[in-house]
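> Sharing a structure here in structure tokens format.
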Amino acid sequence: MAYVGTPIDTTNQFQSLQGKRFSGDASTTAFTLDVAPSSVFDIEVFVENVRQDPNSAYSLSGTTLTFSAAPSSGTNNIYVIHQAKAVGTIEVLDSAITTAKINDNAVSFAKLDSTHQSFIQSIPQSGSAKTSSYTLTTSDIGSFIEVGSSGAITIPNSTFSAGNAISLFNNTTGNITITCSITTAYIAGANTDESSVTLATRGVATILFISGTVCAISGNVS
């Protein structure tokens, strides 16, 4: 009959129990193990093929196994089997952690570093205030741009992708011009393709790209 249980993962590797032999001389009570057990119950100790009582026959301190009475003389007449021990450290390479290996909604806000938390909590400024004609670039996505005295903004064509967004702040006492070099630019709520729009003094506008050639501008614009 064929095997019908859970498939066996043939990539797993198993490590044999570790053992250590010593020779008694009827006077030595302390012997050094290769691995330090966590407790006396993590090993089995045999003298002349008789298993020793871990509660009274021996004690452990690090890798030192100490008998309460010296084992009798004999070649390899003491045998120790490690029932539990560290088999090594499993190291997961950074490159092995891919998006597919992370469950949906598994990463909480608290697990983000401070830089990425700030992106969620606030809108970062893209560079310094623009005081001359400035054409938007993909590095401005998700940020706000401050426009200072003598500044003007141009929205380029075929540069951005659907869902990209950029905010503008007119930090001057007068209106500024936003030139729409993009193929189609709407003021949100209107159906007119604008070649340029005006951002009012101290006004805020957000440009949402519907595609690389279409955008909608909302805020204090006309």
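The values are calculated or read from the model by the stated rules, or taken from the named source; none is laboratory data. Please read all numbers here as calculations on a predicted model, not as lab measurements. What goes into the accessible areas is simple: the full protein's heavy atoms, side chains included, and nothing from ligands, DNA or RNA. Shrake-Rupley method; radii C 1.70, N 1.55, O 1.52, S 1.80 Å.
> If you take the square roots of the eigenvalues of the alpha-carbon gyration tensor of segment 101-162 and sort them as a ≥ b ≥ c, do you get rounded (a/c under 1.5), prolate (a/b over b/c) or oblate?
Judged from the Cα gyration tensor, segment 101-162 comes out oblate (a/c at least 1.5, b/c at or above a/b).
> Could you tell me how far the Cα centroid of segment 159-222 sits from the Cα centroid of segment 13-74, in Å?
Centre-to-centre distance over Cα atoms comes out at 80 Å.
> Report the relative contact order of the chain, percent, no decimals, based on alpha-carbon pairs under 8 angstrom and at least 6 residues apart.
In percent, rounded to a whole number, it is 13.
> For Lys20, list the aspartates and glutamates whose Cα falls under 15 Å from its own Cα; do not include residues on the same chain fewer than 8 positions away.
List returned: Asp34, Asp42, Glu44, Glu48.
> Something else: Restricting to the chain, compute how many DSSP beta bridges are antiparallel as a %, nearest 5.
Roughly 70 percent of the beta bridges in the chain run antiparallel, per DSSP.
> Of Phe209, Phe109, which has the most accessible area and how do the rest follow, probe 1.4 Å?
Ranking Phe209, Phe109 by accessible area, largest first, yields Phe109, Phe209.
> Can you return the aspartates and glutamates within cross-link range of Lys130? Criterion is Cα-Cα under 19 Å, with same-chain partners fewer than 8 residues away left out.
Cα-Cα hits under 19 Å: Asp140, Glu146.
> Taking all protein chains as present, what is the carbon and sulfur share of the accessible area of the chain, in % to the nearest whole number, probe 1.4 Å?
C and S atoms contribute 51 percent here.
> Once fully extended, how much extra length lies between Ser61 and Ala162, figured as 0.36 nm per residue of separation less the alpha-carbon to alpha-carbon distance?
Extending this stretch completely gives an extra 29.8 nm.
> Give me the accessible area per residue for segment 160-222, probe 1.4 Å, as a whole number in Å².
Spelled out: the 1.4 Å probe surface of segment 160-222, per residue, equals 45 Å².
> Answer with a single label: of (i) 24.7; (ii) 18.6; (iii) 19.6, which was calculated as Kirkwood radius over Cα pairs in Å from the structure in view?
Comparing each candidate, only (i) matches the computed number.
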